[in-house]
1. So, of the residues in segment 368-390 that are more than 15 Å from Gly323 (Cβ to Cβ) and β-branched (Val, Ile, Thr), which turns out to be farthest from the chain's Cα centre (by Cα)?
2. If Ile314 passes every condition in (1) in contact (Cβ under 8 Å) with a residue 60 or more places away in the chain; (2) over 22 Å from Ala276 (Cβ atoms); (3) in contact with a helix residue (DSSP H, G or I) (Cβ under 9 Å, 6 or more places away or on another chain); (4) of a type in the set (Val, Ile, Thr) but one, which one does it miss?
3. Report, by residue number, each residue of segment 191-241 that is crowded, with 19+ Cβ neighbours inside 10 Å and among the polar types (S, T, N, Q).
4. Can you go through Lys220, Lys225, Lys201 and tell me which one is touching a Ser or Thr at 6+ places or on another chain (Cβ under 8 Å) and assigned by TED's automatic domain parsing to the domain that holds Cys187?
5. Can we say Ala339 is at pLDDT below 80, farther than 16 Å from Lys390 by Cα and assigned to a helix (DSSP H, G or I)?
6. For segment 101-125, name all the residues that are closer than 11 Å to Ile49 by Cβ and either β-branched (Val, Ile, Thr) or assigned to a loop (DSSP other than H, G, I, E, B) (or both).
7. In segment 174-190, what residues are in contact (Cβ under 8 Å) with a residue 24 or more places away in the chain, closer than 21 Å to Glu152 by Cβ and buried (at least 19 other Cβ atoms within 10 Å of the Cβ)?
8. Filtering segment 73-88 down to residues that are of a type outside the set (S, T, N, Q) and closer than 21 Å to Gln102 by Cβ, which residue is surrounded by the fewest Cβ atoms within 10 Å (Cβ to Cβ)?
Amino acid sequence: MNIHEYQAKALLRQYGAPVSDGRIVMKADEAKTAASEMDGPLWVVKAQIHAGGRGKGSFKEAEAGEKGGVRLAKSVEEAEELTRQMLGRTLVTHQTGPAGKQVNRIYIEDGSDIARELYLALLVDRQTSRVSFVASTEGGMDIEEVAAHTPEKIVSFSVDPASGLSDFHGRRVAFALGLTGGQVKQCVALVKNLYRMFIEKDMEMLEINPLIVTPEGNIKCLDAKMGFDNNALYRQPDILALRDETEEDPKELAASKFDLNYIALDGEIGCMVNGAGLAMATMDIIKLYGAEPANFLDVGGGATKEKVTEAFKIITSDPNVKGILVNIFGGIMRCDIIAEGIIAAVKEVGLQVPLVVRLEGTNVDLGKQIIRDSGLNVIPADDLSDAAEKIVKAVKG
């Protein structure tokens, strides 16, 4: 689960990290009052969406001269005008894709003088199963670009959970960022606070980009992105309360409410599979036969008829889907349950596209019999290769 920048800044403030004063506004009429509550004389007006690259993004409905989701205002009146220009419009960045995201919230923040821009992140390193720090002197840039062209400017190390975080970790970050004097002490304190927050709040990713050094020699978190472990949200009610469902794919949101693992993709063949590995293999073989999967959908090993029905409804709600492949290997999952779910879903939402079903495993004969007796126009398949070839042929003609 991701949260907005202004919510991340509030969490940073709770844990003693240095951030600028800011206000969130939902209506343009609130912007002037919000800006007047801060010192100025410079304000930063930031569109709040769950995507990076806002400053370099563009609005679909922008007029000439209007560009970027992060802009500077030199008066409270200008802050109000910039807010009015951005609210309700669709911001397109390299992370949103061409569809973009609608801006429903604006964060107005006190401007900051910047002497240097740095990069600092914490994430779960799946190779070491530890929390890792990533630091670079190239703040304000896409870290992927830095890694591709100047990887020597990135320092990364993990923290041993047995011994925990120590001051030397903070000093290592400070030296990697080229900090000196009192900045080192500030960095040690910041690293401690960030690590404690990362662990206590069950984060998966925390990115400060840029972490700035002011002309006075102080460090400050100028921007922040946070991602949290969905599986731990049950013990993080304060974090769950920050969830903005308008920023999430409606299909993925509906799937999460039925405990389905669903990720929307850009292809034309919808997939319903049980097991993440089998789902990935199914997507691969669809590509092998010349088409593209429209989704990753794992109904799990213990899916019910209701879950299967909902999964089918989610797939068919995607207008890009031109065909559906159901690939079930029944171990824990019974093939007759899948069959009953498919029939229930088709009766409820109809079947407007070709459907190929491959069943194997527990109660496979009963499952096939249920589908045959249903009268549905279903294309049966004997194995995964046969299923992929048939659905691609049906879609491609």
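1. The extreme case among them is Ile370.
2. (2)
3. Asn209
4. The match here is Lys220.
5. No, not satisfied.
6. Passing the criteria: Val103, Asn104, Arg105, Ile106.
7. Ala176, Leu177, Leu179, Cys187 - these are the residues of segment 174-190 that are in contact (Cβ under 8 Å) with a residue 24 or more places away in the chain, closer than 21 Å to Glu152 by Cβ and buried (at least 19 other Cβ atoms within 10 Å of the Cβ).
8. Among them, the one singled out is Gly88.
The values are calculated or read from the model by the stated rules, or taken from the named source; none is laboratory data. The structure displayed is predicted, hence computed values, not measured ones. Note: ideal-geometry Cβ built from the backbone for every residue, glycine included; neighbour counts use all protein chains shown.
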